[in-house]
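Below: one structure, written as C-alpha cells.
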Amino acid sequence: ELKEEFTRILTANNPHAPQNIVRYSFKERTYKPISYVDQMAIHFSMDGNMILKDSDEGRRQNARLSIEEGLIHLSLPLSEKPPLEDSAIIPEEAEIKDEESTEDTQAAGEEEAEETGTAEVAEAAEAEEPAPPRPRERKLANQFNFIERASKTLNNPLRDRACQSEPTPCKNFSATANQWEIYDAYVEELEKMEKSKEKEKPRAHIAKKEEKRKDRKSASLESQTDDITKVSKAARIMERMVNQNTFDDIAQDFKYFEDASDEYRDQQGTLLPLWKFQYDKTKRLAVTAISWNPKYKDLFAVGYGSYDFMKQSWGMLLLYTMKNPSFPEYVFSSESGIMCLDIHSDHPHLVAVGFYDGNVAIYSLKKPSTQPSYKSSAKSGKHTDPVWQVKWQKDDMDNNLNFFSVSSDGRIVSWTLVKNELVHTDVIKLSVEGATMQGPEGLQLQTLGCGTSFDFHKKIDYLFLVGTEEGKIYKCSKCYSSQFLDVFEAHHMAVDAVSWNPYHMKVFISCSSDWTVKIWDHTIKTPMFIYDLNSAVGDVAWSPYSSTVFAAVTNDGKAHVFDLSVNKYEAICTQVVVAKKKNKITHVRFNPVYPVVIIGDDRGHVTCLKLSPNLRRMPKEKKGQEVKKGPEVEIAKLDKLLNLVREPASQA
C-alpha cells in the first residue's frame with residue numbers, strides 16, 4: 001500500500017470557479033446555464049507608473065521638460081550658462097527670428113522673376129549687415145502693487161528737537177504734543193502687557209504640563225478600568241472554579257449528602273456545617289443583618305456594625321455567593337455601622353440600609369462606586385437614634401420606590417425616592433401610654449417608645465407589627481398615624497425580632513432578650529406557644545417551605561430548630577454553632593430554595609449549615625392517594641395545631 005502511486009493531473013481550470021452559473025434568457029424566457037466560465041485566478045496585481053516614450057503622454061512630458069531647461073538657461077548669467085545640446089529646443093527669440101526669415105524668403109521667391117538682380121543685392125546686404133536688436137518687451141507691473149496711503153504702515157512723525165530744546169512752544173510742538181502723550185501712554189501700556197505675558201508664559205507652560213499629566217493619568221486609569229472590566233468576569237469565573245475544586249467535598253455535601261442516621265433518631269435532626277464566610281476587614285465587627293437575594297438564590301447580603309454602643313466605628317456591606325466562599329462579590333464601606341438591610345424583591349440590585357447614626361441609604365449593585373446612591377441627611381428628616389430595621393414596600397401611586405424604617409427615636413418613617421432624593425413621611429410615633437415626664441413650668445411631656453423591630457403583613461398591605469424596647473408589640477395601620485389597632489404585652493425585655501408567618505394570615509412570632517420565643521394569633525392577646533431557650537434570643541425566622549418550622553439563635557452560641565407538627569413542646573434540633581464562649585450568634589435566615597440556613601455571629605463570621613431530612617420532613621405518601629402540597633395544606637396544618645391549643649383555653 002505504501003508503494004502504490006497516485007497520479008494527479010494538473011489542469012488550467014480554477015477549482016474555486018463556480019460551475020453552475022445561470023443567466024436569464026429573455027429570448028427563450030428561461031434560465032440557461034453558462035457554458036463559459038472565467039478560469040483565470042489573479043494572485044497579485046499592482047498598478048505601475050511607467051509611461052512609454054513614444055506615447056502621447058511621454059511626448060508631452062519630454063516637451064515640458066525641454067521648455068523648463070530652456071527657461072533656466074535664459075535666466076542664468078553669461079558666465080554661468082552651459083552650452084546647449086543639439087536636442088535642446090530653441091528659445092522664443094530665435095523662433096521669432098526664424099519666422100521672420102521664412103516670411104522674407106517667401107516674398108523673395110514671388111518677385112524672383114521680375115527683379116532677380118535687386119533681390120541678390122538685397123540678400124547680400126542683409127548677409128553683410130547684422131539685424132537690428134529687437135527691443136525687449138517690458139513686463140507689466142503687478143496690478144495689486146499700488147502705492148497708496150492705505151497700503152502703507154503708519155510711521156509716527158519724529159519729534160522736533162528744536163521744539164524740545166526751546167522754552168517757548170513752537171508751532172509743531174503745539175500741534176503734536178497731545179499726540180505724543182497719547183503715543184507714550186500706549187507704548188508704556190504695551191510694554192507692561194508684554195512683561196506680564198512673559199511672566200505668564202512659564203506659568204501657562206507649567207499648567208499645560210500639569211493638564212497633560214492629569215489627562216495621561218485619567219486616560220491610563222480609564223484604560224486600566226476598561227482592561228479590568230474585560231478581565232474581571234473571566235477572573236471571577238476562574239476564581240469560582242478554583243474554589244469549587246478546593247472545597248469540592250463541601251460542594252458534594254451541599255448537593256448530595258443526606259444524613260442517614262436521621263432514620264434511627266426519634267424525630268430529631270442535625271445541622272451539617274458547610275462553608276464559613278469571613279473577610280479580613282470585618283474581624284472586629286459584628287454581623288448585624290443578613291438577607292438573601294430574592295432573584296439570585298445563592299447570593300446574600302451581610303451588614304456589619306457593632307452592638308457595643310461604647311465601641312462604635314465604621315461599617316461594611318458585603319455580598320457573598322455560595323459559589324465563592326473565599327471572597328465577597330461586592331464590598332461597600334460606610335462611616336457609621338450598618339444595623340439593618342433589606343433587598344428589593346423586584347429590583348434585586350437595590351439594597352436599603354439603616355445606620356447607627358440614624359441615616360438610611362440605598363446602595364446599587366450596578367454602580368461601581370462604593371458610596372451609596374441615595375442617602376438621607378439632617379435636612380431630609382433622618383432618625384436621631386439607630387435605625388433597627390428597614391423594609392421595602394410596594395411602589396406608591398406614582399411608581400416611586402418606597403421603604404419603611406423603625407428607630408429608637410420612636411418614629412416609623414416612610415422613605416420615597418422622588419427625583420433622585422429621599423423624601424420622608426412620618427407614619428406613626430410610638431407613644432407610651434400612661435408614661436409622662438415633668439417638663440419645665442409644669443408641662444406634661446409624653447414619652448416615646450423605642451422601636452426595635454417591625455414586619456409588614458404578607459397579604460394585608462396596610463397592617464404591620466412593631467416591637468419595642470419596652471417589650472410591647474404594637475399592631476398598627478398605615479392609615480392611622482396617631483392610634484394603634486392593638487397592643488400586646490409580649491415580653492419583659494426588648495423585642496429583638498417580630499415576623500408574620502409566610503402561610504397563615506393570623507400568626508406571627510416574636511423573640512426577646514428575656515430568653516423566650518412566642519407564637520401569637522393577632523386576634524388574641526395571649527400567646528399560643530411559649531418557648532424558654534435559657535439564653536437571650538437574638539433572632540428568629542420562619543422557614544419558607546413549611547408553616548410549622550422556625551429557627552431561633554441564642555447568645556450562648558446555639559441554634560434551635562422547631563417543627564410544631566412534630567413536637568409542640570421542644571426543639572427537634574439544638575446544636576452549638578459557635579465554639580467560643582464569648583462569641584454570640586446574632587442572626588439566622590433560611591434560604592428560599594435550598595435546604596440551608598446562614599447564621600452570623602458578633603466576630604464577623606457567617607456560617608452556612610445544611611438541614612438534615614428530619615428538619616425538612618414533608619408529608620408521607622399514602623397508598624392510592626396523592627400528597628397534597630401548597631399553601632392551603634400548610635395553613636390547614638397550622639390551623640389544626642392552633643385549634644388544639646384554643647380548645648383547652650376555652651374549656652378553662
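Numerical summary
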{"item": "Normalised convex hull volume, the range 301-426, alpha-carbon set, Å³ per residue", "result": "112"}
{"item": "Alpha carbon convex hull of the range 223-308, volume per residue in cubic angstrom", "result": "189"}
{"item": "Size descriptor, Kirkwood hydrodynamic radius, that averages inverse alpha-carbon separations across the range 565-617, Å", "result": "12.6"}
{"item": "Relative packing of 356-363, 531-538, 291-298, 261-268, which averages over residues the other C-beta atoms within 10 Å, highest first", "result": "356-363, 531-538, 291-298, 261-268"}
{"item": "Hz values of 3J(HN,Hα) by residue in the range 289-295 - Karplus curve (6.51, -1.76, 1.60), Gly and Pro given as x", "result": "7, 9, 8, 7, 6, x, 9"}
{"item": "Gain on full stretching of the segment that runs from V418 to D398 - 0.36 nm per residue minus C-alpha separation", "result": "6.3 nm"}
{"item": "Residue-span extension gain [I182 to D426] - 0.36 nm each, minus C-alpha spacing", "result": "80.4 nm"}
{"item": "Set of lysines with alpha-carbon distance to K208 below 19 Å, sequence-local pairs under 8 removed", "result": "K197, K199, K217"}
{"item": "Kirkwood Rh in Å, taken over all unlike Cα pairs in the range 442-503", "result": "12.5"}
{"item": "Mean-position separation - Cα centroids, the range 469-540 and the range 318-359, in angstrom", "result": "26"}
{"item": "Nearest-20 debye value, the range 14-68 charge dipole, Cβ charges on Lys, Arg, Asp, Glu", "result": "340"}
{"item": "Protection proxy ranking of 11-20, 380-389, 508-517 - average other beta-carbon atoms within 10 Å, highest first", "result": "508-517, 380-389, 11-20"}
{"item": "Of all accessible heavy-atom area on the range 496-562, the percent that carbon and sulfur account for (1.4 Å)", "result": "54"}
{"item": "Distance (nanometres) between label positions extended 7 Å along Cα→Cβ at Y480 and T11", "result": "9.9"}
{"item": "Under the Karplus curve 6.51 cos²θ - 1.76 cosθ + 1.60, θ = phi - 60°, whole-Hz ³J(HN,Hα) for the range 536-544, x wherever Gly or Pro sits", "result": "4, 8, x, 7, 9, 8, 7, 7, x"}
{"item": "I206-K458 pseudo-label distance in nm [points 7 Å out on the Cα-to-Cβ vector]", "result": "7.0"}
{"item": "Förster radius 30 Å - calculated FRET efficiency between K379 and V331 (Cβ-Cβ, nearest 0.05)", "result": "0.55"}
{"item": "Entries in K281/K394; K458/K584; K295/K429; K295/K459 that, when Cα-Cα distance is taken, lie over 29 Å", "result": "K281/K394; K458/K584; K295/K429"}
{"item": "Point-to-point label distance, K195-I21, nm (Cα→Cβ direction, 7 Å offset)", "result": "8.4"}
{"item": "Whole-percent carbon and sulfur share, accessible surface of the range 252-367, 1.4 Å", "result": "50"}
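The values are calculated or read from the model by the stated rules, or taken from the named source; none is laboratory data. These figures come from a predicted structure and were not determined experimentally. With ideal geometry, Cβ positions are generated from the backbone for all residues, glycine too; neighbour counts draw on all protein chains shown. To get the accessible areas, we keep the full protein, side chains included, count just its heavy atoms, and leave off ligands, DNA and RNA. Shrake-Rupley method; radii C 1.70, N 1.55, O 1.52, S 1.80 Å.
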